[in-house]
């Protein structure tokens, strides 16, 4: 499924997942520039050990990780290091992934694609069962913090082709969702959902 | 175990847990004024449904909940409402609970009491098995956000007897830990750990 020389697809509104060996580099590409990609990483040998935003914030004493930062698991072990970021560096660690409950509250009467189910489906397609559902690293997502407390859901600030790259610090399973949120402008003011891509080399 | 007319103990460095019926009010008291209390709440009928900081931040568009705010679960349902806060209102939703890994990284060679184990032990003492370990609502914990991104672990800003009160919006199990962190000044500049108390009425 993973071709070392070509980009893999994260389909608009859907999820994807892949394995990475320790030392490999993952590049997540914001192909159209305005797409948020919810992102997760799990220890391949123990899917209960996951990249954890609340542990990352504690170890980095920062809300937004940047190039050189080591992302850690819920056992505080390094899982990924950010090695490059060609975007403006605006990503989010604060917000839960969207889910069926979120869209029900926004008025949806029928099923709406959502990042939480997308991760579960992407793992299931690899024959894996989700053990925990961690809070995601929301790549390219713009959640400014005002006055140290107040949050808002703002459109992304990047451009087509922006990417962020991670080196695996253990053998990992990574999961993605091209966030299907089209009822708030979090994926751009036009609320249009786009494909994104990734490579593992 | 819960006396309606007296305070229950959250022993210094240890945990506690209790059941609340929908409509009851929990008051968590910072008896000595400088003690952080890690706090969790679970749907009694489904311990996999828990108060979730990442879902609360999304619904409240705020990093710090305040009086009148409804705290929600990982199914985005109301679980607790903040009905009173006599403290300065500085609490934390960003940081993971401390754990054995945290103290190992800080140089501990032997076991150190920690909030993660404290919650598990407090639930076990009630005959309950932890299903998920959510990121805590860290009461009275002072994590200022500077420049919208940068975090620091600062001493609490309250006074002895400060309290925060919650109304249960469903039948819940609540858990607490009088944070045993004595290697950073998060429980006061003197790094001394104190008892805290709670009432349910």
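Quick note: the coordinates plus some simple rules give every number you see, no bench work behind them. The shown structure was predicted, so the numbers you read here are calculated from the model rather than taken from an experiment. FYI the Cβ positions are ideal-geometry reconstructions off the backbone, even for glycines, and counts take in every protein chain you see.
Placing a label point 7 Å from Cα along the Cα-to-Cβ direction at residue A:106 gives distances to the equivalent points in the other copies of 4.0 nm, listed shortest first. Taking the label point 7 Å from Cα in the Cβ direction, how far apart in nm is residue A:124 from each other copy of itself, listed shortest first? With the label placed 7 Å along Cα→Cβ, residue A:124 yields 3.4 nm. Residue-level result for chain A: its Cβ closest to the axis carrying A onto B, with that distance in Å, is A:145, 3.
What shape does the stretch B:1-137 have by the C-alpha gyration tensor, where a ≥ b ≥ c are the square roots of the eigenvalues, rounded means a/c under 1.5, and otherwise prolate means a/b greater than b/c and oblate the rest?
Here the stretch B:1-137 falls in the rounded category.
The stretch B:141-201 and the stretch B:48-121 have Cα centres separated by 9 Å.
Hey, could you grab the Kirkwood Rh for the stretch A:65-201? Inverse mean 1/r over distinct alpha carbon pairs, Å, one decimal. All intermediate terms of the calculation are to be shown ahead of the outcome.
Details: mean 1/r = 0.0609 Å⁻¹.
One over the average 1/r among Cα pairs gives 16.4 Å for the stretch A:65-201.
Could you estimate the translational diffusion coefficient of the stretch B:1-74 from the Stokes-Einstein equation, with Rh from the Kirkwood formula over C-alpha pairs, at 25 °C and 0.890 mPa s, in whole µm²/s? Don't jump to the answer; show the numbers that get you there.
Details: Rh = 14.4 Å.
Calculated translational D: 170 µm²/s.
Decide, for the protein assembly as shown, between rounded, prolate and oblate: order the square roots of the alpha carbon gyration tensor eigenvalues as a ≥ b ≥ c, take rounded if a/c falls under 1.5, and otherwise choose prolate if a/b is larger than b/c, else oblate. Please report the intermediate quantities before stating the final value.
On the way: a/c = 1.81, a/b = 1.60, b/c = 1.14.
Verdict is prolate for the protein assembly as shown.
Starting from the label point of residue A:154 at 7 Å along Cα→Cβ, the same points in the other copies fall at 2.3 nm, in ascending order. Assuming a ≥ b ≥ c are the square roots of the Cα gyration tensor eigenvalues, decide whether the stretch B:72-145 counts as rounded (a/c under 1.5), prolate (otherwise, with a/b larger than b/c) or oblate. It is oblate, given that a/c is not under 1.5 and a/b is not larger than b/c.
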